[in-house]
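The structure appears below as structure tokens.
The values are calculated or read from the model by the stated rules, or taken from the named source; none is laboratory data. Every value quoted in this text rests on a predicted model; they were computed, and no experiment measured them. Cβ: placed from backbone, ideal geometry, glycine included. Neighbour counts: every protein chain shown.
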Amino acid sequence: MAQKEIYFDTRERTLKKLAYNDSVYAWLLLHSHYNKGERHNYIYKNEFTYKQIAADIHKHRDTVSKRFKALIEDGIIYEFTYNGKIAYKMPYFDDFETLDGPTVLGLITLPVNETREELIKTYAFLLKSRRESYR
């Protein structure tokens, strides 16, 4: 079940690195657990497969695998052991936007190949711009 709200990193450097990775990152956030004490989301390795993610976001399994590895290499997610199991941590950042989970789920499951990859970043960027304009 997807989370009601997710915290999406909107630092400019991270948004650039998330190009072509944001659907996988958003899927992981939507299906993750939240650790209040340590302020991060995490998902156990045995709770998902690349095939499952690929089916949900309309990509090939190999593409999801490469993108997942890029998220780790770019330091956006981290592998660690949690409760004796391998998990992936998605830490919170100072610069983030709270995104509506069902909206993000709708965006990553759209059958639109050319633009889907940028929709979530655009959504987060617009919310951030709107918030900053009210300051």
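Below is a table of values for the structure above.
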{"item": "Segment 28-86, residues that are part of a strand (DSSP E or B) and under 24 Å from THR109 (Cα atoms)", "result": "HIS33, TYR34, ASN41, TYR42, ILE43, TYR44"}
{"item": "Unique match (being at pLDDT 70 or above and polar (S, T, N, Q)) among ASN113, ASN21, ASN35", "result": "ASN35"}
{"item": "Test for ILE53: is it modelled with pLDDT of 85 or more, surrounded by 20 or more Cβ atoms within 10 Å (Cβ to Cβ) and of a type outside the set (D, E, K, R)", "result": "yes"}
